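Values quoted throughout were computed directly from the atomic coordinates according to the rules given, and no laboratory measurement underlies them. Computed from a predicted model, the values in this text were never measured in an experiment. Cβ atoms come from the backbone with ideal geometry, glycine included; neighbour counts cover every protein chain shown.
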Amino acid sequence: MTISKSELRALVKKREASLSDFEIEASDRELAASLIVSPEFAAAKTVMLYWGVGREPDTRPMIDAALKAGKLVALPCVTGPGAMEARRIFSLTQLVPGAFGIPEPDRECEVVDPGEFDLILVPGAAFSPDGRRLGRGGGYYDRYLPQTRGVKVALARKCQLTDDIPTDIHDINVDLIITK
């Protein structure tokens, strides 16, 4: 029996809710450290990251590390229903509350062409070992990622991994999943 996207999102959300704050914090540290020391991150000169919210991994250490390393760092900025662009930041002080209350670069920040990124950190609700991804439901990344050429990387807690990910033709896979 195949599970629906909404059923899988609910199942993973329940699994994530069962994790203790200690487990979340430990996982966050391990995921950040693993990404920062990865060859893909080390080689990347331009990175698109995101600001983790709720039970998503805390991405601030990765943003800080990329800025300190002198990489071109951009975060998504929602421009309309299902649409986003990436804007460059030099400091976390350039972030303002955006769509859904998620910090995003202010409108003064430069838009970065999607084809410039060497590495794109992609959020998601669930992932399969072969790179299939179930997003959060808005389709923002599935619309944006076809314009990119960089390595698509996901951070996933073990409770987000499953072999059975329902996909549609427009769903975009990731190239690398870092799991802790």
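Couple of notes before you dig in:
- Each residue in THR46, THR2 was given a count of other beta-carbon atoms within 10 angstrom of its own, and listing them fewest first yields THR2, THR46.
- Along segment 37-47 the Karplus relation, 6.51 cos²θ - 1.76 cosθ + 1.60 evaluated at θ = phi - 60°, assigns HN-Hα couplings of 8, 5, x, 5, 5, 4, 6, 6, 9, 10, 10 Hz to successive residues, with x for each Gly and Pro.
- With a cut-off of 14 Å between beta carbons, the residues surrounding VAL73 carry a summed charge of +1, where Lys and Arg count +1 and Asp and Glu -1.
- Rounded to the nearest 20 debye, dipole of the chain from Cβ charges on Lys, Arg, Asp, Glu: 140 debye
- The residues SER34, SER91, SER27, when put in order of fewest to most other Cβ atoms within 10 Å, stand as SER91, SER34, SER27.
- Selected from ALA33, LEU11, PRO81, residue furthest toward positive end of dipole (the chain; charges at beta carbon): LEU11
- Ranking of GLU104, GLU116, GLU25 by count of other Cβ atoms within 10 Å, fewest first: GLU25, GLU116, GLU104
- Bins of 10 Å from zero: percent of alpha-carbon pairs in segment 5-179: 10, 40, 39, 11, 0
- Residues with amide H under 5 Å from that of VAL96, placed H, sequence gap 5 or more: GLU104, ASP106
- Selection of trypsin sites (Lys or Arg not before Pro), segment 1-103, meeting DSSP coil and at most 14 other Cβ within 10 Å: LYS45
- Cα-based Rg and Dmax for segment 36-124, where Dmax is the largest Cα-Cα distance (Å): 12.2, 35
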